[in-house]
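Q: Provided herewith is a single structure, encoded as structure tokens, for subsequent inquiry.
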Amino acid sequence: MVRARSRVADLALTASGRLAQVAPCDDVPAGRVVELPGRGTTYLTDTGAPPGAGAQAPTVLLLHALGCTGLLTWYPSIAALRSRYRLVTFDQRWHGQGIQSPRFTLADCADDVAAVADLLGLDRVLVAGYSMGSLVAQLAWRRHPDRLLGAVLCASTTRFVDSARDPRVLRLVAERTARAAAGQLSRRAAMPWAPGADPNRWAMSQFRSTTGRRMTAATAEISMFDSTSWIGEMDVPTAVVVTARDRLIAPDRQRRLVRSLPYATSYEVEAGHAACVLGAHRFTPALLAACASVSVRSADRAARRAPGPAAVRAQP
């Protein structure tokens, strides 16, 4: 019976892939398992600096969505981004090959961002987060403000529920993740990408590497997130990519986030919550524009703060 349910789930996911084709796997970087000292192991990819850019190219840490892996959320956009930035993805805890800790908290995920930067010898980075990853990005600034140059928040919000008495969004998220994870009784190894790989089979294997039980537990943690009291203090350049046809995070909530941020630009995409993969042809151009905006403004900000010649001479 268990095997039968698992086969049904596989068939359902395969069928959905035929109806809504995922983006092709054109330029997926190879990765490796790394140890974050004192925290655990995770699967990390690093494109390195773009040719000719050297150390001048900003590094963008890409933070994935709930139930995904680092590659599954971002692979459709990597080819377009890697000519301008050094890109780093990693599987967040309880997802894919991420840290298998006793509990899941978004605060721990935010601290993992700093740990990845430490591992790679990066002083300050740009972060781009999608859905759950955007919440982690907000917390990464809150907990490690000296490590972030700026942030791109995609399909994001300051909170999922209006109050403790309004569980509708939590229930919707839990029901959808439970349906999507049907038949996942144990974690499965993700299929490594290879040239010519079928994108639907590869994406399905990435998705199935996170168990339904852990997705549901992560959903409960996400439901408690609320940055409304401090998001207005986020003093780094930001950009928000609004998924304008989103049925999970209402577009009005996303636009409210834009208004709450003191240094935000916004870019709207006519696509739903899965735009990063199922609407990549619309999402990627907006992501490029958002990253460019944050990158340019963070560079200008750093230049203004750099000491001038007189200040340099005055230093002992």
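The values are calculated or read from the model by the stated rules, or taken from the named source; none is laboratory data. All figures in this text were calculated on a predicted structure; none of them were measured in a lab. Here the Cβ is made from the backbone with ideal geometry for all residues, glycine too, and neighbour counts use every protein chain on show. For accessibility, only protein heavy atoms count, side chains too; no ligands or nucleic acids. Shrake-Rupley method; radii C 1.70, N 1.55, O 1.52, S 1.80 Å.
Q: Determine by what factor the alpha-carbon radius of gyration of the stretch 62-134 differs from 2.2 N^0.38 Å, reporting the quotient.
A: Here the Cα radius of gyration is 1.07 times the empirical estimate.
Q: Put a dot 7 Å past each Cα toward the Cβ at Thr105 and Ser229; how far apart are the dots in nm?
A: Label-label distance for Ser229 and Thr105, simple model: 1.6 nm.
Q: Okay, moving on. Return one whole number: the accessible area per residue of the stretch 207-290 in Å², for a 1.4 Å probe.
A: Working: 3490 Å² over 84 residues.
Dividing the accessible area of the stretch 207-290 by its residue count gives 42 Å².
Q: How much net charge surrounds Val60 when only the other residues with a Cβ under 13 Å from the Cβ of Val60 are counted, with Lys and Arg +1 and Asp and Glu -1? Intermediate values should be presented prior to the final figure.
A: Values: positive: Arg82, Arg84, Arg86, Arg124; negative: Asp46.
Overall, the nearby charge balance is +3.
Q: Another one. Set the Förster distance to 30 Å, then compute FRET efficiency between Arg84 and Asp146 from the Cβ-Cβ distance, nearest 0.05.
A: Details: r = 24 Å, r/R0 = 0.81.
The computed FRET efficiency comes out at 0.80.
Q: For the stretch 64-120, with every protein chain kept in place, what is the accessible area per residue (1.4 Å probe, Å²)? Don't jump to the answer; show the numbers that get you there.
A: Details: 1450 Å² over 57 residues.
Accessible surface, normalised per residue, equals 25 Å².
Q: If you put +1 on each Lys and Arg Cβ and -1 on each Asp and Glu Cβ, how big is the dipole of the stretch 31-145 around its Cα centre, in Debye rounded to 20? Don't skip to the answer; put the middle values down first.
A: Details: 10 positive and 8 negative charges, 40 e Å.
For the stretch 31-145, the charge dipole is close to 200 debye.
Q: Once you place label points 7 Å from the Cα toward the Cβ at Arg256 and Asp198, how far apart are they in nm?
A: Distance between label points: 4.3 nm.
Q: Here is a follow-up. Would you kindly derive the ³J(HN,Hα) couplings of the stretch 69-86 from the backbone phi angles with the Karplus curve 6.51 cos²θ - 1.76 cosθ + 1.60 (θ = phi - 60°), listing them in order in whole Hz, with x for Gly and Pro?
A: Running phi through 6.51 cos²θ - 1.76 cosθ + 1.60 with θ = phi - 60° gives 10, x, 6, 4, 5, 10, 4, x, 9, 5, 4, 6, 7, 6, 6, 10, 9, 7 Hz.
Q: Kindly write out, for the stretch 29-43 in residue order, the coupling ³J(HN,Hα) from the Karplus curve 6.51 cos²θ - 1.76 cosθ + 1.60 (θ = phi - 60°), rounded to whole Hz, with x marking Gly and Pro.
A: Those phi angles translate into x, 6, x, 8, 7, 10, 9, 8, x, x, 10, x, 10, 8, 9 Hz.
Q: Right, something else. For Thr41 and Ala220, what does the FRET efficiency come to when R0 = 30 Å and r is the distance between their Cβ atoms, rounded to the nearest 0.05? Each step should come with its number before you reach the end.
A: Numbers: r = 24 Å, r/R0 = 0.81.
Approximately 0.75, to the nearest 0.05.
Q: Now for a different question. Tell me, what HN-Hα J-couplings in whole Hz come from the Karplus equation 6.51 cos²θ - 1.76 cosθ + 1.60 at θ = phi - 60° for each residue of the stretch 150-161, using x for Gly and Pro?
A: x, 8, 10, 10, 10, 6, 10, 6, 8, 6, 8, 10
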